[in-house]
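The values are calculated or read from the model by the stated rules, or taken from the named source; none is laboratory data. These numbers come from a predicted model, not from an experiment. Note: ideal-geometry Cβ built from the backbone for every residue, glycine included; neighbour counts use all protein chains shown. Protein only, heavy atoms only, side chains kept; ligands, DNA and RNA dropped before computing areas. Shrake-Rupley method; radii C 1.70, N 1.55, O 1.52, S 1.80 Å.
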Amino acid sequence: MKIETIYDYEINDSLRAKLQYLLTECFTEDYPKERIYFKQLPHFRFIATDDKNELVGQVGLDYRIMNLNGKPIRVLGIIDLCVSKN
């Protein structure tokens, strides 16, 4: 198994199609068919491929500053974590 870091601006059409298939396989009818994120576009993703170079999992990560009672805090959020049913 190979795990890579990929920024969303680097995703090509082939990987986009594979991500869309994996995300809709995992989240079924609730997942939007026209994009590869549910509500928030991640800054980057970790993608996992098997020995045949097939996509088997992904997780998006979003890094942001949020307000907690008037105090800025740093938050790393996990987005659309999923693994192939196979």
What do you reckon, is Thr5 in contact (Cβ under 8 Å) with a residue 12 or more places away in the chain and among the hydroxyl-bearing types (Ser, Thr, Tyr)?
yes
Taking segment 18-34, which residues are open to solvent by 40 Å² or more (accessible area, probe 1.4 Å) and modelled with pLDDT under 90?
Thr28, Glu29, Asp30, Lys33, Glu34
Do you know which residues across segment 67-86 are of a type in the set (D, E, K, R), open to solvent by 90 Å² or more (accessible area, probe 1.4 Å) and touching a helix residue (DSSP H, G or I) at 6+ places or on another chain (Cβ under 9 Å)?
Lys85
Residue count, segment 47-66 (criterion: open to solvent by 80 Å² or more (accessible area, probe 1.4 Å) and not hydroxyl-bearing (Ser, Thr, Tyr)):
7
Check segment 5-14 and report whether any residue there is within 29 Å of Ile65 (Cα to Cα), of a type in the set (S, T, N, Q), out of contact with any Gly (no Cβ under 9 Å at 6 or more places or on another chain) and surrounded by 13 or more Cβ atoms within 10 Å (Cβ to Cβ).
no
